[in-house]
Amino acid sequence: MDTILALDISTSRVGITVMNYDKKLISCDVVKLDSNKCLEERCLDLENYLSSNPHDFKEVYIEQPFAMFSGGKTTAMTMSKLQRFNGMCSFMVRKLYGINPLMIAANKARSVNEIKVKRGQKTKKIVIDWVAKKYPKDFVFELTRHGNPKPGTDDRADSVVIALAGLIISKEG
């Protein structure tokens, strides 16, 4: 079965979606990375995870890291670290599968999937709800005792949105 891989990469967690070309969700997971390890070791941990779940991917899509400051939430050092880690992971994916990943900006991915987030709304909640509605049987998640999605749910949801966007964009191109 022809499948695609989509990743939502951060330095602490990676959302991982495997999907076929009929947009069937094969798997959707999150890998928590050890913050006590250097970025290179975290990348190797991700590589070990991916290689232990073999698939014959035809395409790989990765959420492009932010390139701009977002209202004081992100420092230059954080952005630099994320760019560096994203590059490492992109290269690792290239080596592992022989596929150059297509980088997709988060706002572009939401746009091509027609996910509307109005000013003041919580983007993560909107995306999680959208994915849960689209895949009610396959995108299952737990809530914390406070009623919020457990950590990593947003990374998983983002990787699904990247996968679907990748399929739409590659069809157009």
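Consider residue 11 carefully, then state whether it is open to solvent by less than 50 Å² (accessible area, probe 1.4 Å) and assigned to a loop (DSSP other than H, G, I, E, B).
In short, yes.
Looking only at the stretch 63-76, decide whether some residue is part of a helix (DSSP H, G or I) and open to solvent by less than 30 Å² (accessible area, probe 1.4 Å).
Of all residues in the stretch 63-76, those part of a helix (DSSP H, G or I) come to 76.
When the remaining residues are screened for being open to solvent by less than 30 Å² (accessible area, probe 1.4 Å), the result is none.
The answer is no, given that none of the residues of the stretch 63-76 is part of a helix (DSSP H, G or I) and open to solvent by less than 30 Å² (accessible area, probe 1.4 Å).
Of 169, 126, 104, which residue is in contact (Cβ under 8 Å) with a residue 12 or more places away in the chain and over 18 Å from residue 66 (Cα atoms)? Outline the logic, then answer.
Working: 126 fails: in contact (Cβ under 8 Å) with a residue 12 or more places away in the chain; 104 fails: over 18 Å from residue 66 (Cα atoms).
Just one listed residue meets the conditions, 169.
When you go through (1) open to solvent by 50 Å² or more (accessible area, probe 1.4 Å); (2) in contact with a Gly (Cβ under 7 Å, 6 or more places away or on another chain) one by one for residue 29, which number turns out not to apply?
Looking at each condition in turn, residue 29 falls short on (2).
Among all residue pairs at least 6 apart or on different chains, which show Cβ distances below 9 Å where the first residue, located in the stretch 137-157, is farther than 24 Å from residue 65 by Cα and the second is loosely packed, with under 15 Cβ neighbours inside 10 Å and hydroxyl-bearing (Ser, Thr, Tyr)?
Sorted first by the residue in the stretch 137-157, then by its partner, the pairs are 138/27.
Do we find that residue 53 is at pLDDT 95 or above, in a loop (DSSP other than H, G, I, E, B) and within 24 Å of residue 170 (Cβ to Cβ) in this structure? Reasoning before the result, please.
Working: at pLDDT 95 or above: no; in a loop (DSSP other than H, G, I, E, B): yes; within 24 Å of residue 170 (Cβ to Cβ): yes.
Criteria not met by residue 53.
Restrict the check to the stretch 38-56 and report whether at least one residue is over 14 Å from the mean Cα position of the chain (by Cα), surrounded by fewer than 21 Cβ atoms within 10 Å (Cβ to Cβ) and under 20 Å from residue 153 (Cβ atoms).
Within the stretch 38-56 (the criterion being over 14 Å from the mean Cα position of the chain (by Cα), surrounded by fewer than 21 Cβ atoms within 10 Å (Cβ to Cβ) and under 20 Å from residue 153 (Cβ atoms)), the answer is yes, since at least one residue qualifies.
The values are calculated or read from the model by the stated rules, or taken from the named source; none is laboratory data. Since the structure is predicted, the reported quantities are computational estimates derived from the model, not experimental observations. Heads up, the Cβs are rebuilt from the backbone with ideal geometry, glycines too, and the neighbour counts pull from every protein chain shown. All accessible areas refer to the heavy atoms of the entire protein, side chains included, with ligands and DNA or RNA removed. Shrake-Rupley method; radii C 1.70, N 1.55, O 1.52, S 1.80 Å.
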